[in-house]
Amino acid sequence: MIKVNGEVIKIEHYPDGTQKLHIDHIFEWCCCDYNIDWRYEKEEELSSLIYITRHLKQIPNCRIFLKMFYLPNARMDRVQSWDEVFTLKGFADVINWLEFDSVKILDVHSNVGAAVFNKLTILLPEAYIANVINEINNKNSDLILYFPDAGAAKRYSNMFPEYKYCYGEKKRDWDTGKILGLDIKSNGINLSGKTILMIDDIVAYGGSLYYSANTLKNWGVDKIYAFATHTENSVLNREKGTLIKSLEDNTVERLFTTDSIFTGKHEKITVMEV
């Protein structure tokens, strides 16, 4: 979904499938600021964004600001072989070509994602995580933060220096990408009987958090909660999903996330509005 100055742009189509767009209700032939909010739903919206932005740029001296609540192609931030297409870089090239006056993205996933965009401001998920902590903590001094890898620990731990944290180290089959197991780096913390909040940026099927939760339970953790800034609807897939199993067998008490891309519903998933 794309909004311009708060108004949803309806994407219609001609019989040949090409897009039919109208923005007369927000289009002014004068110096003006235009704020484009993109809540990603499908790939087609990138071409809509191009058409809309190029149309607005006809206005002399106007400024155009882009906010993305989720970064498409965020995971494709590196390639392993020549035949893999570096989609994140290609996507960033298109956004940079449009020459926005600023680009804001919520939780970009990696340093590569942060580096490939011009005029970028990263919106941190700190406020959403703080809301989760307030809901589950209840002045519980035993709350420990957990991150599924060292990169996530580095990215998020400084937001909440008052809380101790630990993190995981995944064992993968590099040919298939499948997680084979996980080690906990406890930072010397006795995890027995503690309450854990697992924090990650993107969840698809939830394998990292699933293996993390199982390992944490083996360490004697009492209760486990999870937060992900971006949760794909695939998390609800009972055939391929793993985190959904942890939620439904009460290994994980609850998943908290935002509505940046998640549109599903589940009794054990709390969704916060971005």
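Compared with the direct C-alpha span, the chain from A127 to K245 gains 39.7 nm at full extension, assuming 0.36 nm per residue.
Placing +1 on the Cβ of every Lys and Arg and -1 on the Cβ of every Asp and Glu, with no other charges, gives region 1-118 a dipole of roughly 200 debye about its Cα centre. Sites count as exposed loop sites when they are GluC sites (Glu not before Pro), lie in a DSSP loop, and have at most 13 other Cβ atoms within 10 angstrom; the longest stretch of the chain without one is 163-238. With K and R counted +1 and D and E -1, the other residues having a Cβ less than 13 Å from that of D101 yield a net charge of +3. Annotation for region 85-163: chymotrypsin sites (Phe, Trp or Tyr not before Pro) lying in DSSP loop with at most 15 further Cβ atoms inside 10 Å of their Cβ are Y163. Per-residue Karplus couplings for region 67-74, computed as 6.51 cos²θ - 1.76 cosθ + 1.60 with θ equal to phi - 60°, are listed in order as 10, 10, 7, 8, 8, x, 6, 4 Hz, Gly and Pro entered as x.
Principal semi-axes of the equivalent ellipsoid, √(5λ) from the alpha carbon gyration tensor of the chain, are 38, 20, 18 Å from largest down. Taking each residue as 0.36 nm, the span from E7 to E44 lengthens on full extension beyond its C-alpha to C-alpha distance by 11.5 nm. Each Lys and Arg adds +1 at its Cβ and each Asp and Glu adds -1 at its Cβ; summed about the Cα centre, region 31-100 shows a dipole of about 220 debye. Considering only beta bridges that DSSP places wholly inside the chain, some 25 percent are antiparallel.
Of the cross-linked pairs K171/K268; K10/K57; K67/K245; K119/K170; K171/K240; K3/K170, which ones have a Cα-Cα span greater than 31 Å in the structure shown? Checking Cα-Cα distances, K67/K245; K119/K170; K3/K170 exceed 31 Å. Between N137 and E253, residue separation times 0.36 nm minus the direct Cα-Cα distance comes to 40.5 nm.
Which residues in region 67-104 place their backbone N less than 12 Å from a point set 7 Å from the Cα of A114 along the Cα-to-Cβ direction? None, by backbone N distance to the label point. Using just its DSSP H runs of length 4 or more, each adding -39500 (n - 2.57), the chain gives a mean residue ellipticity at 222 nm of -7000 deg cm²/dmol after division by all residues.
Report the local net charge at P125: Lys and Arg +1, Asp and Glu -1, summed over other residues whose C-beta lies under 12 Å from its C-beta. Kindly include the intermediate steps, with their values, before the conclusion.
Numbers: positive: R155; negative: D107, E126, D200, D201.
Result for the local shell: -3.
The candidates V4, V94, arranged from most to least accessible area with a 1.4 Å probe in the full protein assembly, appear as V94, V4. Site-free segments of the chain were taken between trypsin sites (Lys or Arg not before Pro) in DSSP loops having at most 10 other Cβ atoms within 10 Å, sites themselves excluded; the longest one is 43-138.
The values are calculated or read from the model by the stated rules, or taken from the named source; none is laboratory data. Remember, it's a predicted structure, so these values are computed and weren't measured experimentally. FYI the Cβ positions are ideal-geometry reconstructions off the backbone, even for glycines, and counts take in every protein chain you see. Calculation scope for accessible area: heavy atoms of the full protein, side chains included, ligands and nucleic acids excluded. Shrake-Rupley method; radii C 1.70, N 1.55, O 1.52, S 1.80 Å.
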